[in-house]
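The values are calculated or read from the model by the stated rules, or taken from the named source; none is laboratory data. It should be emphasised that the depicted structure is a prediction, and the values quoted were computed from it without experimental measurement. Backbone-built Cβ (ideal geometry, glycine too); neighbour counts: all protein chains shown. These area figures cover heavy atoms from the full protein model, side chains too; ligands, DNA and RNA do not enter into them. Shrake-Rupley method; radii C 1.70, N 1.55, O 1.52, S 1.80 Å.
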Amino acid sequence: MAARLAHRRSRILREKAIELLLFLAAMVSVFTTIGIVYVLVKESVVFFQHVPLLDFLTDTQWTPLFDDAHFGIVVLLSGTLTSSLVALAIAIPLGTLIAIYLSEFAPFSVREVAKPFLELLGGVPTIIYGYFALLFVTPILQWFYPELPGFNLLSAGIVMGIMIVPYVASISEDAMRAVPMSLREGSYAMGATRFQTAVNVVVPAAFSGIASAYILGISRAVGETMILAVAAGMQPNLTFNPLEPAATITAFIVQVALGDLPHGSVGYQTIFAAGLTLMLFTLACNVAGHVLRKTFREAY
Amino acid sequence: MAYVKDLSAIRALIASHKRWDLVFALCGFAALMVGVLTFVALFADMAIQGLPRLNWEFLTNFPSRRPAQAGILSAWVGSCLVMLVTAFFAVPLGVATGIYLEEYAPKNWVTDLIEINITNLAGVPSIVYGLLALGLFVYQFGLGQSILSAGLTLALLILPVVIVATRESIRAIPQGIREGAYALGGTQWQVCRDHIIPYSSAGILTGVIIGMARAIGETAPVITIGALTFIAFLPPAPMKTEAPFLSFDWVMSPFTVMPIQMFNWTSRPEAAFLQNAAAAGFILVLMTLAMNGLAIYLRYRIRKNIKW
C-alpha cells in the first residue's frame, strides 16, 4: 500500500514537473518580446541622451557617422515609405485579384496548382529577390527610362510588391473562402453573376480578413531589408521620388552592421533607435489590424 | 412590340454582365500569371547566370579575391551548422509550447498573454530579431559573433512557425483518442507522449521544414549580429579522434552563411563576382524550393491519408 502511494506521489510529481517545463517553454515567446523591448529601449535611451528627440524627428539630414553628425530619422522614413508605397501599389491590387480569382472563379485544378505555387514564391529568400531587382528588373526599367540610376526605390519596390503578393493573396483567399456558401447561393439566386457576387457579397463579407491581409502586407514592406539593401542603395536621401536611390531604416541597420562600429558608440546606438522606430511602426500596424478585425468582423 | 424591345435590352444587359464576368476572370488569371512568370524569370535568370560557375570546385573552395577561384565552402558549412543549432532549439521549444497551449494551458490571462505574444512575434520584422541578438546574445550574454548566437536568433525567428504548425496538427486529433487513453488510466503526459505527439508528428515536421527553409534564407538578422562576409577557414570539426570524440568548439566559432556570401558578391561591381552570386543564389533557391516542396507534399499526403 505504501509503495503504491509512493509510486502515485512520484507520478503526480513528475506530471507537475513536466507541466512546469512545458509552461516555461511557452513563456520563451513572452521573454522574447520582453528582450526585444528591453534591448531597443535600453540602447535608445542612451542614444536620446546624446541626440534630442526633437532633432531626431525634425532634422532633415541623416549623417550619423560623419563628424558633423545629424540624426533626422525623416530621411530614412522617406525611403521606407516610398518603397513601401510602390510595393503596396503592386501587392494590393495583384494580391486581391488573385485572391478573388482563386476563391470565386478558378476551377478546382487551377487552385490546387496555384496555391502551392504561391507558397513557393513566398518561400524564396529575400536576398534572391534583391539580386533579381538589381540585375534583372532595374535593367528592364532602364530600357524604358534610360536616366534611371542603377540603385533606385522603384525596382526594389516592385520586386518587394511581388514578394508580398503571396501573403496578401493567401490570407485574403482564406478569408473569402470562410464566407458561407449560402450567401453566394442567395446572390446567385437573385440573378447576380459571379463578378457581382464576388464584389458585392463575398468581398464585403470577408472585409475584416482582407484588411488584415493588407496590414500584414504593409508591415512586411516596412520591415523588408535585403531587397532594399541590395537594390535601392544605401545613401540616405530625403526624397519621395521612387526613381531615386535612397536608404531605408532597415538598409541603414544593415550598412552599420557591416562596418566595424565599436560597442557603445553613438553610431552603434543609432541602429537601436532606428530599430525602435521600425518596431513602433509595425506595432502600430498590428494594433490597427487587430482593431479592424474586431470592428468589421462578420460572424455567421 | 415594347415587350420584344425590353427582352432584347435585358439580353444585352445579361450579355454585358457576362462579359464583365469573363473580363474579370481573365484579369485574375493574368494577375496569377504575373506571379508565376516572375518566379520563372527569377529561376531562369539565376540558372542562366549561375550554372556555368557551378562545379565541384565552387562547392569545395573558400571565398577568394579572384572570382574564378572563389567558392562557397565556408558558406554552406556555416549554413548547415547554424541550421543544426536552430533546429536544436526551435523544435523542442516550439513543440513544447504547442503542446502546452493545446493540452495543458488553463483559460486565463497568462495563456492569453502567451497567445498574443506569439501572434505579435510572427509580425516582427526579422531585422529586429537581429538587433535583439546583437544587444542580448552578442554583448549581454557574451556569446560573441558565433554560430551559437546566429542559431539562437534564427530559432526565435522561426519559433512562431513551429508553434502554429504544432497547434494545428494537435487540434486535428479527435477528442475520442484522448478520452480513450485517459479511460485506461493514462496521465496527461502519457497521453501526450504516446498519442498526441506521434499522431501530430507529420504535421509538426511540415512546420519545422517550412521554418528551416525560412531560416536558411534569412540574411538581415545574421548580418546584424555581425557575421563576417569573408571567411577562409572552417569552424573546428565536431568530431575528435580522442575521447570524448565530440567537441563543441564550433558553436563559438565565427562563421558566414550562404545568403551573406551571396550578398557580399552581389554588392561587388565586377561582373565575375555577380556570376558567383547567381551560382550561390541558384543553390540557395534550389534548397529552399526543395524544402518547401517537401513540406507541401507532406501536407498533401497527410490530408489524403488521415481518416480518423
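General remarks:
- Top-ranked residue in the range B:107-124 [being touching a residue at least 24 places away in the same chain (Cβ under 8 Å) and at the interface with chain A (Cβ under 7 Å from one of its Cβ atoms); ranked as surrounded by the fewest Cβ atoms within 10 Å (Cβ to Cβ)]: B:LEU121
- Selection within the range A:100-116: residues that are β-branched (Val, Ile, Thr) and open to solvent by 30 Å² or more (accessible area, probe 1.4 Å). The member of this set that is nearest to the other protein chains (Cβ to nearest Cβ) is A:VAL110.
- Top-ranked residue of the range A:271-300 - restricted to ones that are of a type outside the set (A, V, I, L, M) and within 10 Å of chain B (Cβ to nearest Cβ), ranked as most open to solvent (accessible area, probe 1.4 Å): A:HIS290
- Pairing residues of the range B:139-150 that are away from chain A (no Cβ under 13 Å) with residues that are surrounded by fewer than 19 Cβ atoms within 10 Å (Cβ to Cβ), at Cβ distances under 8 Å and at least 6 apart in sequence or on separate chains, gives B:LEU143/B:MET252; B:SER146/B:MET252; B:SER146/B:SER253; B:SER146/B:PRO254; B:ILE147/B:MET252; B:ILE147/B:SER253; B:LEU148/B:MET252.
- So B:THR97, is it polar (S, T, N, Q) and surrounded by 22 or more Cβ atoms within 10 Å (Cβ to Cβ): yes
- The set of residues from the range A:167-189 being open to solvent by less than 10 Å² (accessible area, probe 1.4 Å) and within 23 Å of the chain's Cα centre (by Cα) comprises A:VAL168, A:ALA169, A:SER172, A:GLU173, A:MET176.
- The one condition in (1) over 17 Å from A:VAL75 (Cα atoms); (2) part of a helix (DSSP H, G or I) that A:THR270 fails to fulfil: (1)
- Taking the range B:1-104 and the helices (runs of 4 or more DSSP H) fully enclosed by it, the elements with 3 or more residues that are facing chain A (nearest Cβ under 7 Å) and of a type in the set (D, E, K, R) are at B:2-50.
- Residue within the range A:30-50 that is at pLDDT below 85 and outside any helix (DSSP H, G or I) present: no
Here's the yes/no breakdown for (1) aliphatic (A, V, I, L, M); (2) touching a Leu at 6+ places or on another chain (Cβ under 9 Å); (3) farther than 29 Å from A:LEU121 by Cβ:
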position: B:HIS17; (1), (2), (3): no, no, yes
position: B:TRP20; (1), (2), (3): no, no, no
position: B:GLY28; (1), (2), (3): no, yes, no
position: B:LEU32; (1), (2), (3): yes, yes, no
position: B:VAL40; (1), (2), (3): yes, no, no
position: B:ARG53; (1), (2), (3): no, no, no
position: B:ALA70; (1), (2), (3): yes, no, yes
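This table checks each residue for (1) part of a helix (DSSP H, G or I); (2) touching a helix residue (DSSP H, G or I) at 6+ places or on another chain (Cβ under 9 Å); (3) open to solvent by 10 Å² or more (accessible area, probe 1.4 Å).
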residue	(1), (2), (3)
A:GLY191	no, yes, yes
A:ALA198	yes, yes, no
A:VAL203	yes, yes, yes
A:SER208	yes, yes, yes
A:ILE215	yes, yes, yes
A:ILE218	yes, yes, yes
A:GLN235	no, no, yes
A:LEU238	no, yes, yes
A:LEU243	no, yes, yes
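- When A:VAL110 is tested against the conditions (1) farther than 30 Å from B:LEU32 by Cβ; (2) free of Cβ contacts under 8 Å to residues at least 60 places away in the same chain, the lone failure is (1).
- Filter result for B:VAL82 (open to solvent by less than 20 Å² (accessible area, probe 1.4 Å) and of a type in the set (Val, Ile, Thr)): yes
Yes/no per residue for (1) away from chain B (no Cβ under 14 Å); (2) among the hydroxyl-bearing types (Ser, Thr, Tyr):
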{"residue": "A:LEU118", "(1), (2)": "no, no"}
{"residue": "A:ALA133", "(1), (2)": "no, no"}
{"residue": "A:TRP143", "(1), (2)": "yes, no"}
{"residue": "A:ILE162", "(1), (2)": "no, no"}
{"residue": "A:PRO166", "(1), (2)": "no, no"}
{"residue": "A:VAL179", "(1), (2)": "yes, no"}
{"residue": "A:THR193", "(1), (2)": "no, yes"}
{"residue": "A:ALA205", "(1), (2)": "yes, no"}
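- Restricting attention to the range A:245-267 and to residues that are away from chain B (no Cβ under 11 Å) and part of a loop (DSSP other than H, G, I, E, B), the residue that is nearest to A:LEU40 (Cα to Cα) turns out to be A:SER265.
- Number of residues in the range A:70-99 that are open to solvent by less than 40 Å² (accessible area, probe 1.4 Å) and either hydroxyl-bearing (Ser, Thr, Tyr) or in a helix (DSSP H, G or I) (or both): the value is 18.
- Selection within the range B:23-55 - among the polar types (S, T, N, Q) and free of Cβ contacts under 8 Å to residues at least 12 places away in the same chain: B:THR38, B:ASN55
- Pairs are defined by a Cβ separation below 6 Å, a sequence spacing of at least 6 or placement on different chains, a first member in the range A:7-30 that is facing chain B (nearest Cβ under 7 Å), and a second member that is open to solvent by 30 Å² or more (accessible area, probe 1.4 Å); the pairs so defined are A:GLU15/B:TRP189; A:ILE18/B:TRP189; A:ALA25/B:LEU93; A:VAL28/B:LEU93.
- Remark: B:PHE58 matches the filter, which requires a residue to be among the aromatic types (Phe, Trp, Tyr) and in contact (Cβ under 8 Å) with a residue 60 or more places away in the chain.
- Restricting the range B:233-285 to residues that are in a helix (DSSP H, G or I) and open to solvent by 60 Å² or more (accessible area, probe 1.4 Å), the residue that is modelled with the highest pLDDT: B:GLN275
- The range A:245-270: number of residues that are crowded, with 21+ Cβ neighbours inside 10 Å and of a type in the set (Gly, Ala, Ser): 4
- Residue match in the range B:133-144 (condition: assigned to a helix (DSSP H, G or I), modelled with pLDDT of 90 or more and of a type in the set (Val, Ile, Thr)): no
- Checked against (1) more than 13 Å from B:ALA280 (Cα to Cα); (2) exposed (fewer than 13 other Cβ atoms within 10 Å of the Cβ), B:ALA31 meets all criteria but (2).
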